[in-house]
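No lab work stands behind these numbers, since they all come straight from the coordinates. Nothing here was measured: the structure is a model prediction, and the numbers come from that model. All Cβ positions, even for glycine, are placed from backbone atoms using ideal geometry, and neighbour counts span all protein chains on display.
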Amino acid sequence: MCTSMKSSARLLNSKGHAQMIALPKCRTIRHNFPRMTKLVESMRGFIVPLLAIIAGFLISLPSEGQTGKRLSASDLKNIDDITQVAMNAALARDFATWASLFLEDAVINPPNEPAIKGRAAIRAWLEKFPPMTEFKLKNEKVEGSDDLGYVLGTYSMAITPPGAPGPVKDSGKFVTIVRRQPDGRWLCAVDMFSSDLPPPPPPPPK
């Protein structure tokens, strides 16, 4: 039971200097304060080493992005090989092979139009491309872990739209997310690209 009672005690502060502090107006706390003070001061020498150990343990833990197994040299080569297959298929207008590089539920996010969802829709979209006289993909960076990877790259192409006086050239960049399949193949899950060229001017007013 606490009763009103004033008292004070001497306690070492964080710099090791003695400091007088007022005790709470409680008989129980005042009675046990010397014992509590000795316990805190006896632990003073263990607190800093303990914190250092805890900090070292936390630093040594792998981050979330480091827990997976990084892509092997074979994985990186297989992803680069898929890029080469895509280039050859595009130039040959082999849309079946080109579309087979995408997952069944893959998504392409082209500029200035809605997303293309699903392999069948992707193939139909690819078939609308005008003939290509040039198509190059360059994987600038390929990274990932376990069964998931991503590719940052650039592209350049030359297409011949119907009625155009000559080839139309374009260049830009892309980001592709790929997933490894049970048979070891890597297929595209998500693809997004955009041109480096400025947008065409608006048509003149009628």
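Between the amide H of Phe102 and those of Cys188, distances stay under 5 Å, these residues lying 5 or more places away or on another chain, with hydrogens modeled in the peptide plane. When the GluC sites (Glu not before Pro) in region 76-138 are filtered for DSSP coil states and for at most 13 other beta-carbon atoms within 10 Å of their beta-carbon, the remaining sites are Glu127. Legend: Rg and Dmax of region 87-152, from Cα coordinates, 13.1, 37 Å. What the Cβ-Cβ distance of Ser74 and Lys173 gives, at R0 = 25 Å and to the nearest 0.05, is a FRET efficiency of 0.45.
Karplus-derived 3J(HN,Hα) values for region 153-170, using 6.51 cos²θ - 1.76 cosθ + 1.60 with θ = phi - 60°, are x, 10, 9, 8, 8, 9, 10, 10, x, x, x, 6, x, x, x, 10, 9, 8 Hz; glycine and proline are entered as x.
Per-residue Karplus couplings for region 85-99, computed as 6.51 cos²θ - 1.76 cosθ + 1.60 with θ equal to phi - 60°, are listed in order as 4, 4, 4, 5, 5, 5, 5, 8, 6, 8, 6, 5, 5, 4, 5 Hz, Gly and Pro entered as x. Modelled spin-label separation between Asp147 and Val85, with each label point placed 7 Å from Cα along the Cα-to-Cβ direction: 1.8 nm.
Normalised by 2.2 N^0.38 Å, where N is the number of residues, the C-alpha radius of gyration of region 106-205 stands at 1.24.
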